[in-house]
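Input: a single structure, listed below in structure tokens.
The values are calculated or read from the model by the stated rules, or taken from the named source; none is laboratory data. The model shown is predicted, which means the values in this text are computed figures rather than measured ones. Here the Cβ positions follow ideal geometry from the backbone for every residue, glycine too, while neighbour counts run over all protein chains shown.
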Amino acid sequence: MHDPFASLLADGVIDEVVSRLKSGKEADVWLVRAGGRTVAAKVYKARQTRSFKNDAAYREGRKVRNTRTQRAMDRGSRFGQAAAEEAWKAKEADALFRLHAAGVRVPRPVLFHEGVVLMEVVVDAHGHPAPRLIDAHLPREQAVGIYADIRRQAIGMLVSGLIHGDLSPYNVLFSAHGPVVIDFPQVVDAAQNSQSETFFLRDLENIRRFCASLDPAVRGEGDGREIWRAYVRRELTADFVPTGRAPEPQRVERPERPERVVRPERPAAPQRQQAHRGGPARASGGGQPQKSAPKQGGPGRPQRSEPRWQRNVRVPEVIRVERLPQVAAPPAARTAGRTAGRTAGATPGPGRRRRRRGRGARPPT
């Protein structure tokens, strides 16, 4: 069995392993000694043994700098799967450093080495490891304050461009300084993931429902949409406080359709002399041209006038010329012509080809 602490002990990163603190669906947390102090070491489980396997939606938008590694991850080869697993582990360490620098209440990261994250131990008011929010005994009057505090941490993460993606009372520790958000391997990039809005609304709704179960006076059903609307408009700041009213949906006003103008029917153009196109000829004696029979299609149907570009077009007259049949010469005449040409030294006729002399041909004697 592979020992995850073997390389850390060999490299001198940690001094000793104290005990296991807790076990989750993603990883196990151990207490270790490093540099004379006790820190928490998060060791991730193998993908085959993890209960959180459906992570395709969370990986959307994640990229690595090495293009070769990224192509292997997209193809899903053996090397690409191993690289994706390492990127999944390193994502939490990157998020912890980024959010801690932004002022979000998360465990202070110490080091990331060989797939193991070292961070500070979150303790309660008595100095013991802090319990999860779902396991803590919370009084009813603190529910409103806890919801407002976690909502402020979620806003701070969104301002930093990140969404937890799996925020719930199981991923929040109740420390002496307030709620501390943990577990960030599935963190979502708000600008790169197409389902980022869904993840953010679900995270905030999970916390609101938990706090509302403690105190029904907890409101804020529309806080998530109001916060997201401010983020989309680039008006969201770390000290943003929602009003508690859900934003009204924008109504798209459709332009009114213009009234349909009914144009009067144009009268049919007078019949003109169209003898060159096979039209009706003028009657003898200088009378009016004969009217053509009405088209089929019912009585009262207006006849379409011809386009302007066809009215004065003069069609050229086609004259048919018949070719005379060719008379073949008698066989005796053809034989006499070839014999006369051969004797007179003239050029051979069409029935005989001149033979070319090639290289190496025998010269005439």
Taking A27 as the residue in question, decide whether it is closer than 13 Å to Q186 by Cβ and buried (at least 18 other Cβ atoms within 10 Å of the Cβ). yes
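Quick one: in segment 188-217, of everything that is of a type in the set (D, E) and over 16 Å from the mean Cα position of the chain (by Cα), which residue is farthest from I163 (Cα to Cα)?
My answer is D215.
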Criterion first (in a helix (DSSP H, G or I), touching a helix residue (DSSP H, G or I) at 6+ places or on another chain (Cβ under 9 Å), surrounded by fewer than 22 Cβ atoms within 10 Å (Cβ to Cβ) and not hydroxyl-bearing (S, T, Y)) does R202 satisfy it? yes
Give just the number: which of (1) modelled with pLDDT of 90 or more; (2) out of contact with any Asp or Glu (no Cβ under 6 Å at 6 or more places or on another chain); (3) buried (at least 16 other Cβ atoms within 10 Å of the Cβ); (4) closer than 30 Å to D239 by Cβ does D124 not satisfy? (3)
Please identify the pairs in which a residue from segment 45-73 that is under 21 Å from S23 (Cβ atoms) and at pLDDT 75 or above has its Cβ atom under 7 Å from the Cβ atom of a residue that is of a type in the set (A, V, I, L, M, F, W, C) and surrounded by 13 or more Cβ atoms within 10 Å (Cβ to Cβ), counting only partners at least 6 apart or on another chain. K45/A27
Given (1) surrounded by fewer than 18 Cβ atoms within 10 Å (Cβ to Cβ); (2) more than 30 Å from L214 (Cα to Cα); (3) without any contact (Cβ under 8 Å) to a residue 60 or more places away in the chain, H113 misses just (3)
Six or more apart or on different chains, Cβ under 9 Å: which pairs go from a residue in segment 119-139 that's in contact (Cβ under 8 Å) with a residue 60 or more places away in the chain to one that's of a type in the set (F, W, Y) and assigned to a loop (DSSP other than H, G, I, E, B)? Could you list them? none
So which residues in segment 97-144 are within 36 Å of the chain's Cα centre (by Cα) and of a type in the set (K, R)? R98, R105, R108
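For segment 174-187, does any single residue satisfy the condition of being in contact with a strand residue (DSSP E or B) (Cβ under 9 Å, 6 or more places away or on another chain), over 24 Å from I134 (Cα atoms) and surrounded by fewer than 17 Cβ atoms within 10 Å (Cβ to Cβ)?
We begin by selecting, within segment 174-187, every residue in contact with a strand residue (DSSP E or B) (Cβ under 9 Å, 6 or more places away or on another chain); these are 174-176, 179-185, 187.
Filter once more, so that each one left must be over 24 Å from I134 (Cα atoms): none.
No, because not a single residue in segment 174-187 is in contact with a strand residue (DSSP E or B) (Cβ under 9 Å, 6 or more places away or on another chain), over 24 Å from I134 (Cα atoms) and surrounded by fewer than 17 Cβ atoms within 10 Å (Cβ to Cβ).
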Of everything in segment 69-110 that's of a type in the set (D, E, K, R) and farther than 22 Å from G156 by Cβ, which residue is surrounded by the most Cβ atoms within 10 Å (Cβ to Cβ)? K89
